[in-house]
Amino acid sequence: MVSRRSPLFRRAGFLLLLTALESGSAGADTLTITPRFSTSETYTDNLTLAPGGQATPGFITQLTPGISIKDIGSQLKLNIDYSLLDMIYNNYGWEHTYYNQLNATGDLELIKKTFFIDATSTISQQPLTLFGPVSANGANLTGNVANVRTETISPTLVHNFDEEFIAQAKLTHTAMNFSMAGPAAYGGGFSAPPVGFNPAYDFSATTNIADLYVANGAEFTNFLWKLDYNNNQMVYPGFPSSTISLLTADLGYLITPEFKLTSQVGYENDNFVYFGPRPQGTFWNVGYGWSPSPRTRLDMSAGERFYGRTYLLNLSHRMHHVMVQAGYHQDVLSSMGQQYIPPATALDQLLLTQITDPVQRQQAVQQILSALGPQASLYGMNAITNEIFLSKSFQSSVGVTTPRNTVLFTLFDTQMLPLQQPGASSLNNPFLQLQNYLAFGAFTSTGATLTWSNQLTPVITATFSDTYSRYSMANLVGQETNNFLLVGLSDKITEKVTSSLTYRHQYMNGAGFIGGYSFMENALIAGLNFIF
């Protein structure tokens, strides 16, 4: 039974309210409800992802009912996707553990082209730490799984002043909560996770972002400008809050329709406990943008901020069967602002010329990602802390499509450089931290992912995915390496029923670290998926 005070009930109530608002302005024919159910049986030779010599084989039965609700009306666009994962372990008396997974969005236009309210609600799982047993889907009994809940609401006011300039005011409130999820297995039954992976409390935080800007309208053909104020406050109950505040003026000039010069100048006045350069002062950058065709774009810039030089690169080139992307960017952010590497973005660009309809293309992307399974390297740094970091991220992708094949190769390299340091006597160490990340210094993750989907017959698809990643921390000797391999077949039995058979191999070697964790797993998964 779900309590009326539970977060899931509040989310459902909010989204039902949006549906009720829409019911008076759009016909019921815009509403699409799609129930589904999937089941799988997994045999693994390492149920708890234990180190070598301690592995225990076992079976995991997974039952996953789900539902998708979509409503596209004149004022409201609503998209709700919910799944309940039920994991059953035969080694432990057929005991159950459950995960909720939710991805819900609602976009409401209260005043046409003027006042909007956007809301999102999500529930997902991620590892508490990357330096421990990381389960591919949270099914293994590791004790290293966290529930991550987010709720966001954003009212936005927009006005177009006779095509001369556009003004927008947007407020975004986000609440995020990390809590323990999933049991571990010891002594023939379930128990609490080992102390090393168990926080003594839930970690909750909120962000409040105010973004106000005025920009040129359609009347400006060559001279482009924008004045923006952004204030991002991160609140951690019981710990010091942090604020990143920027006032920015952007100026650009179109020399030709394909080539423009860009510049930016501004003032930054941040408020967080820092060690090193004071996080305030003027900043600037200059660059250019070149777009010789709708399929090719290049943006480059360089500048200065309080922590030193800044650089940006965005390159994308799309041919009929080939897509190339490369990007490098720097940003100041907290663990709440970490971004995963999104393979869906690269796949969307790759399929753009083959599938022009955006809805069909999104369905194709989701089918490929679902067949390939989770990418263990995409979790990012995964530190749960209120520390502020300088993120330096590079990613490059090359994709190729043929009538039967979709291939995507991605390289990534991310550095998270702490702008605060614990242990300094003047700081009094006012940090919330899990797994003592702050003492480890700069965090680096590098790796590569290769995915391949092959349409063997009109109903049978073969998939292959291999991800190699490497993690290191400046204050620790050595590095951790990971390999995640999936090979599978899926069969479209009917329009609404598919079956799959997948082999999974995971390998982690953290022996280079003091107290580092190492394990290996091989698993075979057979599944059935039903759409009603």
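The values are calculated or read from the model by the stated rules, or taken from the named source; none is laboratory data. From a predicted model like this one, the values you see are computed outputs, not experimental measurements. Backbone-built Cβ (ideal geometry, glycine too); neighbour counts: all protein chains shown. Ligands, DNA and RNA are excluded from the accessible area calculation, which covers all protein heavy atoms including side chains. Shrake-Rupley method; radii C 1.70, N 1.55, O 1.52, S 1.80 Å.
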Margin query: Could you derive backbone 3J(HN,Hα) for the range 87-98 from the dihedral phi with the Karplus parameters 6.51, -1.76 and 1.60 (θ = phi - 60°), listing whole Hz in sequence and x where the residue is Gly or Pro?
Written below: 9, 10, 10, 6, 5, 10, x, 6, 6, 10, 9, 10
Next item on the list: For 98, 89, 328, write out the residues from largest to smallest accessible area, computed with a 1.4 angstrom probe and no ligands counted.
Entry: 98, 328, 89
Note to self: From the protein chains alone at 1.4 Å, what is the descending order of accessible area for 151, 109, 163, largest first?
What the structure shows: 163, 151, 109
Note to self: Rolling a 1.4 angstrom probe over the protein chains, ignoring ligands and nucleic acids, what is the accessible area of residue 71 in square angstrom, nearest 10?
What the structure shows: 10
Item checked: With DNA, RNA and ligands ignored, accessible area of residue 332 (1.4 Å probe; Å², nearest 10) -> 10
Checklist line | Ranked order, 95, 495 - accessible area, probe 1.4 Å, largest first | finding: 495, 95
Note to self: Tell me the accessible surface of residue 153 in square angstrom (1.4 angstrom probe, heavy atoms of protein chains only), to the nearest ten.
What the structure shows: 70
Check: Across the range 102-115, in residue order, what do the Karplus-derived ³J(HN,Hα) couplings come to in whole Hz, using 6.51 cos²θ - 1.76 cosθ + 1.60 with θ = phi - 60° and x for Gly and Pro?
Finding: 9, 9, 10, 9, x, 10, 10, 9, 6, 10, 3, 6, 10, 10
Note to self: Can you compute the label reach from residue 166? Point 7 Å from Cα along the Cβ direction, backbone N cut-off under 13 Å, restricted to the range 208-248.
What the structure shows: 213-220, 225-227
Next item on the list: Kindly provide log₁₀ I(q)/I(0) values, in the same order as q = 0.17, 0.24, 0.25 Å⁻¹, from the Debye equation applied to equal alpha-carbon scatterers of the range 92-168.
Entry: -0.77, -1.09, -1.12
Next item on the list: Run down the lysines and flag those whose C-alpha is under 21 Å from the C-alpha of residue 77, throwing out any fewer than 8 positions away in its chain.
Entry: 112, 113, 170
